[in-house]
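The structure appears below as structure tokens.
Derivation of every value follows stated rules applied to the coordinates shown; laboratory data play no part. Computed from a predicted model, the values in this text were never measured in an experiment. Backbone-built Cβ (ideal geometry, glycine too); neighbour counts: all protein chains shown.
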Amino acid sequence: MTTEEDSGGFDAEDPSYRACYVFRPAAAEGNISDNRPRKKRKIDNSDAPTSGEHWPRLCNGEESQALVDVRQASFNNIWTKLEPKLEEIADEVDETSLKRLDEYIERPVIRHDKLHSAIVVGGTDANALRGFLGRRKETRPHTIHCELQATQASNLQIALKSVIKDAIVSHGGQKAYIAHLAKHKRAIPMLFDLELLQIYMEEHGLHNVVLGITNAEMFDLNVLSELISQLESWRDRLSFSIVLSLVTTVSLFESRMSRSVMRLLDTEVFSLASSRDKFFDIFSAAQLARHGEEPEYLQPLFAPSVTRNLFEMAQDQSVSTHAFIQAIKYCFASHYFANSITAALSDVSHIDDAHSLCEGIRNTRSFQEHCTNLLDKGGQSTPVHQLLSSDSELIAYTSARLIEARSAYMEEARLLQVIAVVCHHLDMSRSLSKHYYQVIAEYRKDDLEASTIHELVSTKLPMLSEASMQTLLHSITPLASDLQDVNLRNLGSTQLLPMHLLSTLRTAMKSLKPATSRYLSEALLITRTQLSSNFLARPRSTIFRALAAPIDYLGCECCTSSSSNKGKEGVSILYQLLEEAGREVNVMDLWSTFHDNFLSSTIEQDPVASLSKSTSSRGAKSKPQVVSQTNGTNTPAKLKGRAKNATSDASSNADTDEGQAQERASLAHFYIALATLKYLGLVKSTSDRRLNKGVEVLSKVAWQGL
């Protein structure tokens, strides 16, 4: 035996070791590099501190972080105070109807051959049923309350599984549901078997299951019909009370459901919708909100364009009051997020680096118009100079002027709401939101005095009875009491006569003019273009501008004049020709015009060379022949004439070749430009039967939304 074998070593060349693993401990072998990948550790970052989310800096990144924090803090403060008020209005329900619905569910079942059910018409409030079930859950421990939504009922099996799971989880929690499934998985392997719920209710001594089906119109009718039939077949083993929540009307729901399914329900209709117009109340609370006598910040108001969009959204039956609140939140958030000068609505006198804010204010249209009005009055050049040169003076001046401008806007907003309330009282067939929508539309047109609103007020207001007049005055008193005008403030007086009210409203309608040029209206009014103008790409307008004025993007020396074709690309020249033409244009006519413009642009780029070529060409063609009269012969003269003619022919041939080369070059540029415009979707080839065959016609294409 060798020494290697005695020491326990092995031969690496021996093939007997290739079929087994040889363990070599790291301590025995020394520092041996291990090329195997290390096992990844599972790290939990749930408790890791997260940094606050900051808004981006505007003004091309030149805005200071302090101003960004001011804008973000202002929005958070405003919405923190507004949201509870708006949610309280949205969650308001008819308490009398809730009490009747609660008594109906607790009433013993009279018809045992039908499924005990109730239809709740909650209007646009989708959370009315959810709040009702949550309130009953706290006071009815022996009843299971669960809820089913359309997203949980793609088919019957998933719907039954969702009902069973939500019922057990709402009573005992998630752990109870898992334990119950594990206990009965051998006997009842199907998770959608209602026997699972039956056994759970027997084990815990439960009596009834109240199933709320929210927004029943959104369900698949076949799935909903099968679910109702399945629950009705279990009525001898499980006690179900179904509450169907509708957004539309009962007649519409019954017309969509089959008669055989509706005969299975022993139902009664309840209405939880409030008699007030919640959309108008929510908007009014957000528009006319107060934050103290001397708030730290000024709340912006909705511009007429945004107001009209919000009430268009409110007219959609599928939009709930909570979705309306989220739309209002989006308006405030986008205004503060995308508008840098909204920092001026807060106190920024303590911020040192506010130069970007001041420059933004100076670049607004309302500030420039305000300075122009000051100069037109005469003797006001000194304050204008201070506003343009001193940031501190501008901030102090802006703070005072913003309060005045906002008071004027608030006066208009209250007066518009007073007019809408009066119109609603005179015409109850339409909701208050629709009347206010019409008032805003006429106000935007600056046509209130000649509108149907003025006609309605003038016709029906004098005919009001004394009781109806008192009701109207009582409804407009909260709005009229805050008006600054003495005559308008007395609109809420209980002693006001109809004719006096009519004359006051007429005067108010005459004075109402759309005013968007008040000082810094860009910060005070929430418009719908703030976010899109700053962050959304506008490829269409960018392409049009690049084709019409390449100098705005290229900035080269050859593109010094936007009105001339000098140095412009062929696609820019062709785009301008198409803009001057009609909807359809002949390609041959377009080519001839393009050729002339393209040649003129070439001459503008090198006028000296073009002038010398044209001069030499004209001189060669008009130079007279020289004839010799020596000895009465003209042989040399003929030779000279032939030589001259040969030179002239050669020159004219050269000019012809050069002209053909220019034509070929311009034709190439024409086809490249035409292909580019077709690629961009601005033109397309079309055929017109009125024209002769073989004539190609181009048709301009208008982009969607143009």
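Once the Cα-Cα distance is subtracted from the 0.36 nm per residue extended length, the I543 to S481 segment shows a gain of 17.0 nm.
Take the Cβ atoms of A467 and N76, set R0 to 51 Å, and the FRET efficiency comes out at 0.60. Among 201-207, 390-396, sorting by the average number of other beta carbon atoms lying within 10 angstrom of each residue, highest first, gives 390-396, 201-207.
Summary of packing: across the peptides 465-471, 144-150, 679-685, the per-residue average of other C-beta atoms within 10 Å ranks them, highest first, as 144-150, 679-685, 465-471.
Considering only Cα atoms, the convex hull volume of the range 280-511 works out to 151 Å³ per residue.
Counted by Cβ distance under 14 Å from Y671, the other residues give a net charge of -1, where Lys and Arg count +1 and Asp and Glu count -1. Most tightly packed first, judged by the mean number of other beta-carbon atoms within 10 Å of their residues, the peptides 100-108, 501-509 read 501-509, 100-108.
Shape summary: the range 95-271 maps onto an equivalent ellipsoid whose semi-axes, from the alpha-carbon gyration tensor, are 25, 18, 15 Å in decreasing order. Rounded to the nearest 20 debye, the dipole size of the range 280-511 about its Cα centre is 640 debye, using +1 on the Cβ of Lys and Arg and -1 on the Cβ of Asp and Glu.
On the basis of the beta-carbon distance and an R0 of 51 Å, D446 and Q65 show a calculated FRET efficiency of 0.75.
Summing +1 for each Lys or Arg and -1 for each Asp or Glu among the other residues whose beta-carbon sits under 14 angstrom from that of I526 gives +4.
In the range 186-261, one over the average inverse separation of all distinct C-alpha pairs is 14.1 Å, which is the Kirkwood hydrodynamic radius.
Using R0 = 60 Å, the C-beta based FRET efficiency linking K99 and E369 works out to 0.55.
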